[in-house]
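> Structure in structure tokens, see below.
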Protein chains: 2
Amino acid sequence: MAKLLVVGTVAFDAIETPFGKTDKILGGAATYIALAAKNVAAVDAAIVSVVGEDFPEEYIQLFKERRVNLEGLEVVPGGKTFFWSGKYHNDLNMRDTLATELNVLADFEPKVPESYQDADIVMLGNLHPGVQLSVIDQMTSPPKLIVLDTMNFWMDHTLDLLIEVIKKVDVITINDEEARQLTGEYSLVKAAAKIHGMGPKYVVIKKGEHGALLFHNSHVFFAPALPLEEVFDPTGAGDSFAGGFVGYLAQSENISFENMKNAVIHGSNIASFCVEKFGTERLLSLKPEEITNRLAEFTALTQFDIDLV
Amino acid sequence: MAKLLVVGTVAFDAIETPFGKTDKILGGAATYIALAAKNVAAVDAAIVSVVGEDFPEEYIQLFKERRVNLEGLEVVPGGKTFFWSGKYHNDLNMRDTLATELNVLADFEPKVPESYQDADIVMLGNLHPGVQLSVIDQMTSPPKLIVLDTMNFWMDHTLDLLIEVIKKVDVITINDEEARQLTGEYSLVKAAAKIHGMGPKYVVIKKGEHGALLFHNSHVFFAPALPLEEVFDPTGAGDSFAGGFVGYLAQSENISFENMKNAVIHGSNIASFCVEKFGTERLLSLKPEEITNRLAEFTALTQFDIDLV
């Protein structure tokens, strides 16, 4: 079975949306990525991350029940878990960060467990590019695919280091505004071409409710977001997308462009569930038939039958 | 051959974009709709509209060469043609209207030529809902399909009349913000459901560079916009979409939901050309093989192959 290594945050989130608010709940990029990947495919997945002593055993069990390997999850004695708090505006595309407490994340030095140093796919979730680099350096055999997710914060504060990471990855996932910031190009076609030039052979540009574009040289594929009656909480949607994407690729053991199209659809599909409830709630209760049924909806949404003469 | 009747403005436009500006050039909703429809299919199309004595013979010839029937194009002696001038911002999604001179449009009373009072498809381009209603009333046999395009201006100023038109049409095309304004619903799924309740069995919500959604009861289809390196001038994109949509439906003589999906793709395809040059320039120079090649790009952009178990 293909091995998937996920590095990213495991966190407490406190979220406020127009529909309600939560106390501290389970969050973090690695959390969403791993849970999404496990929903899409029975892959052998491990998390490299750090939490504090305040991280509840109940959350540890959630991962263990889903057979997410936690050898690489460091628990810092006496430490406090990374905490993020945010409030979404009415249109849900805008949010204010209310609090970011790095806590144990501030001094995090990732340790890739020996048994995953030969992972087939490495998913670098959004965090400090120095941590992402360290994980790449610890791989003893070159992964078949390295996928990077990042955000504007690292472009603003650690651009040189981020560019070093970008050089070493095969796929980058990034949102539209970040692609524009990174390249200075408004056109996403031009932005993707510039990012190709920086290293990644595949560029995924996420447009939130407007879907996602996959670029590979002159080829481009588009996956819409499923039109939903209500988006309840967008937290984790991008990470769930990435998790579904790598989960599907790991399972199918096929990293061709054609198969990556399917991976983008699987990512969009799982992300469409994530936003239906607060935090990880929906990802923790998903049934395989729900996933399959919604894949059929994606097919109906996008597939047409024009004869090309 | 199916008959297509188009009512809408025929106008002078003066356009400024970040890439340049034009003097008065040929514009208007009916112009774009008819030219787009004729590019997509060899339909029997007629325009009902009005121009002034200042409207150049050269423009009349453009339509005639493309066999667009102009019996219903009234030329007002001594009158001046409707004029619109606008300036696009850097991101091209925003524009300022610099001038709107209604001129002969102010007192326009449409006259549907006898030979098109039995048209199969009636396309009501964006103008005063009173004019749109008058065209519907002049049809001597019920059209197979009436398609309405409109905009927020009529919601602000003549809502009751607009709602009367909406009641009588089969398809409405409207942009996302207008759908929200018309229904008070932010979710486009909910907005489409409310619009269904107002009359139209099919609701097309245009999202500009983010594509278009086709709703029919609980069914939904999505067509992306083709990712372009450069959008030069968005003027007429929505009208070109509508023209491609009705042109394809008229030619195929099939107004099923399945075939409407293809019509949405044809509409998106022709709109993707329109924005590549100023005004109607691109629509006037298009070759059939360019259209077919780009349809193949749309297919590559959206089609995937996931086995649903």
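> Surrounded by fewer than 24 Cβ atoms within 10 Å (Cβ to Cβ), within 14 Å of another protein chain (Cβ to nearest Cβ) and on the phi < 0 side of the Ramachandran plot: which single residue out of A:Leu228, A:Leu159, A:Leu145, A:Leu182 fits that description?
A:Leu228
> Does region B:162-178 contain any residue that is farther than 23 Å from B:Thr31 by Cβ, within 14 Å of chain A (Cβ to nearest Cβ) and not hydrophobic (A, V, I, L, M, F, W, C)?
Looking through region B:162-178, at least one residue is farther than 23 Å from B:Thr31 by Cβ, within 14 Å of chain A (Cβ to nearest Cβ) and not hydrophobic (A, V, I, L, M, F, W, C).
> Could you tell me whether B:Asn269 is closer than 27 Å to B:Lys144 by Cα and part of a helix (DSSP H, G or I)?
In short, yes.
> Can you tell me which condition A:Gln303 does not meet? The list is (1) facing another protein chain (nearest Cβ under 7 Å); (2) modelled with pLDDT of 95 or more, and all the others hold.
Checking A:Gln303 against (1) facing another protein chain (nearest Cβ under 7 Å); (2) modelled with pLDDT of 95 or more, the one that fails is (2).
> For residues in region A:104-149 being of a type in the set (Val, Ile, Thr) and in contact with a Pro (Cβ under 7 Å, 6 or more places away or on another chain), which is farthest from A:Leu249 (Cα to Cα)?
Checking each candidate, the answer is A:Val131.
> Got a number for residues in region A:1-36 being within 30 Å of A:Gln117 (Cβ to Cβ) and modelled with pLDDT under 95?
2
> Answer yes if at least one residue in region A:47-60 is surrounded by 16 or more Cβ atoms within 10 Å (Cβ to Cβ), in contact (Cβ under 8 Å) with a residue 60 or more places away in the chain and not hydrophobic (A, V, I, L, M, F, W, C), and no otherwise.
Taking every residue of region A:47-60 in turn, at least one turns out to be surrounded by 16 or more Cβ atoms within 10 Å (Cβ to Cβ), in contact (Cβ under 8 Å) with a residue 60 or more places away in the chain and not hydrophobic (A, V, I, L, M, F, W, C).
> If I ask for residues that are more than 9 Å from chain B (Cβ to nearest Cβ), assigned to a helix (DSSP H, G or I) and of a type in the set (D, E, K, R), which ones from region A:285-300 would you list?
If the condition is that a residue be more than 9 Å from chain B (Cβ to nearest Cβ), assigned to a helix (DSSP H, G or I) and of a type in the set (D, E, K, R), then A:Glu289, A:Glu290, A:Arg294 are the ones that fit.
> Could I ask something else about it? Note down all Cβ pairs under 8 Å where the first residue falls in region B:20-38 and is surrounded by fewer than 24 Cβ atoms within 10 Å (Cβ to Cβ), the second is among the charged types (D, E, K, R) and in a helix (DSSP H, G or I), and they're at least six residues apart or on different chains.
none
> A further question on this structure: Of the numbered conditions (1) away from every other protein chain (no Cβ under 14 Å); (2) buried (at least 19 other Cβ atoms within 10 Å of the Cβ); (3) of a type outside the set (Phe, Trp, Tyr); (4) within 30 Å of A:Tyr186 (Cα to Cα), B:Val112 satisfies every one except a single condition; which is it?
Exception for B:Val112: condition (4).
> For region A:248-272, how many residues are touching a Lys or Arg at 6+ places or on another chain (Cβ under 7 Å) and either within 13 Å of chain B (Cβ to nearest Cβ) or surrounded by 22 or more Cβ atoms within 10 Å (Cβ to Cβ) (or both)?
2
> Give B:Arg95, B:Arg66 a once-over and let me know the one that is closer than 17 Å to B:Asp239 by Cα and either more than 14 Å from every other protein chain (Cβ to nearest Cβ) or among the aliphatic types (A, V, I, L, M) (or both).
Among B:Arg95, B:Arg66, only B:Arg95 is closer than 17 Å to B:Asp239 by Cα and either more than 14 Å from every other protein chain (Cβ to nearest Cβ) or among the aliphatic types (A, V, I, L, M) (or both).
The values are calculated or read from the model by the stated rules, or taken from the named source; none is laboratory data. This is a predicted model, so every value here is computed, not measured. Glycine also receives a Cβ, built like all others from the backbone with ideal geometry; neighbour counts cover every protein chain displayed.
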